[in-house]
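Each remark here refers to the structure printed beneath this line.
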Amino acid sequence: MAYSSGKVAGALFFIAVTQFVLGLMVSEALYSGYSISDNYISDLGVGPSSMIFNSSVFLLGPLLIIGTYFLQRAFKAFEALKVLLVLTAIGAMGVGIFTEDFPAIHSVVSLIAFLFGGLSAIFSVICSYVHKFELVKMPFSAISVILGLMSLGALVLLVAGMDLGLGVGGMERMIVYPLLMWGAGFGGHLITHAEKRTTEQKP
């Protein structure tokens, strides 16, 4: 059975997020004494479960990039979204390579992943309206904007040193979890999305 580029992109996005969520859960379980409130997510990258976490967060990057390639084949007009998704992927791969043992670089790549991930969620909707084609449809378009704003808002608070009583780990998860929810939802949306044949690039 032949699958459209959009459905392949959706499957890759969903797989990318799912494998990272599972990798994150396993890493937390294997890290004795780990606190989701007091520990940063990236502490897992230098702990006893570092191989699992770093491999999982790195793999997130290539899967997103390949998925973005198929997304571009299906919806060629969405250049801005493609750039944001690729930058997010680069940030994720950077987190897997440059752990907390490289604090300066790690902070930069983490910021890249967080910032452009949040913008990707929002721009998936903006691009749809600009190009007058509903890449994401209601109600998921509204959900995408909300999740993107939640992530970016939590990023601003974390950078400002405000954790709202959640701890640094809890606030960092308020950045990451909305992005993962959006990524999985976006993938599922693409899998079931009816593409316009005119937007499909011929091989």
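All of the numbers you see were taken from the coordinates with simple rules; none came from a lab. This structure is a prediction, so every number in the text was calculated from the model and none was measured. Every residue, glycine as well, gets a Cβ built from its backbone with ideal geometry; the counts of neighbours run over all protein chains shown.
Among LEU111, LEU158, LEU166, whose mean-square fluctuation peaks in a Gaussian network model of the chain (Cα, cutoff 10 Å)?
Judging by the Gaussian network model, the answer is LEU166.
Angle between the Cα long axis of helix 50-74 and the longest principal axis of the chain, 0 to 90 degrees, nearest 10?
Long axis of 50-74 versus the principal axis of the chain: about 20 degrees.
Which listed residue (GLY161, ILE146, PRO103) has the Cα farthest towards the positive end of the charge dipole for the chain, taking +1 on Lys and Arg C-beta and -1 on Asp and Glu C-beta about the Cα centre?
Towards the positive end, the residue furthest out is ILE146.
For segment 5-195, give the magnitude of the charge dipole about the Cα centre (Cβ charges: +1 Lys/Arg, -1 Asp/Glu; no others), in debye to the nearest 20.
780 debye
Distance in nm between label sites at ILE105 and LYS137, each 7 Å beyond Cα in the beta-carbon direction?
A separation of 4.5 nm, rounded to one decimal place.
Between TYR177 and THR192, what length comes free when the chain is fully extended (0.36 nm per residue of separation minus the Cα-Cα distance, one decimal in nm)?
3.1 nm
Helix 167-191: angle to the longest alpha-carbon principal axis of the chain, degrees 0 to 90, nearest 10?
20 degrees
Compute the acute angle (0 to 90°) between the alpha-carbon long axis of helix 5-30 and the principal axis of greatest extent of the alpha-carbon atoms of the chain; round to the nearest 10°.
The angle comes out at about 10 degrees.
Between ALA80 and ILE36, how high is the FRET efficiency from 1/(1 + (r/R0)^6) when r is the Cβ-Cβ distance and R₀ = 45 Å? Nearest 0.05.
Efficiency, rounded to the nearest 0.05: 0.85.
Counting Lys and Arg as +1 and Asp and Glu as -1, what is the net charge of the other residues whose Cβ lies under 11 Å from the Cβ of GLY170?
Around GLY170, the surrounding residues sum to -2.
Given the -39500 (n - 2.57) contribution per DSSP H run of 4+ residues, what per-residue ellipticity at 222 nm results for the chain, rounded to the nearest 500 deg cm²/dmol?
Result for the chain, helices only: -25000 deg cm²/dmol.
Only one of the values (1) 11.6; (2) 14.7; (3) 23.7 was calculated from this structure for mean projected area of the Cα convex hull in nm²; name its label.
Given (1) 11.6; (2) 14.7; (3) 23.7, the calculated one carries the label (1).
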